[in-house]
Amino acid sequence: MGTMPVFRGRTPWTEEKKKQPPFFTSGEKAGMALCLAMLLFAISAGDVPLAFLSLSFLVYEGSNVVGKAGGERFHALASFLLGLGIALFAGSIFMAFF
């Protein structure tokens, strides 16, 4: 008769806990904090193009959160937020110079 199989190392039925990558890097967090401060300043000063610019960045980052958290279920919403962020950015540039 043969020998009994032996497990070497880990047992196969234990699963490794995978580290979830963070939603935002530290640079993105700092950018959002600065952008939020710029948005509050723009609202208090009445600077509409700056408000649109800072809001466009926050909406763009929101689309990343919805895309990562929701997966395929919220793909349409993430795409909508991405388009809205791009449109807000283009509108802020247009308002600033024309």
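Using the Cβ-Cβ distance between residue 68 and residue 90 with R0 set to 41 Å, the FRET efficiency from 1/(1 + (r/R0)^6) comes to roughly 0.95.
Among 55-63, 26-34, 79-87, sorting by the average number of other beta carbon atoms lying within 10 angstrom of each residue, highest first, gives 55-63, 79-87, 26-34.
Site pair residue 26 and residue 41 shows an inter-label distance of 2.3 nm when each label is modelled 7 Å from Cα along Cα→Cβ. In the calculated pair-distance distribution of region 28-78, the portion above 16 angstrom amounts to 45 percent of the Cα-Cα pairs.
Values quoted throughout were computed directly from the atomic coordinates according to the rules given, and no laboratory measurement underlies them. Keep in mind that what you see is a predicted model, and the values were worked out from it rather than measured. Backbone-built Cβ (ideal geometry, glycine too); neighbour counts: all protein chains shown.
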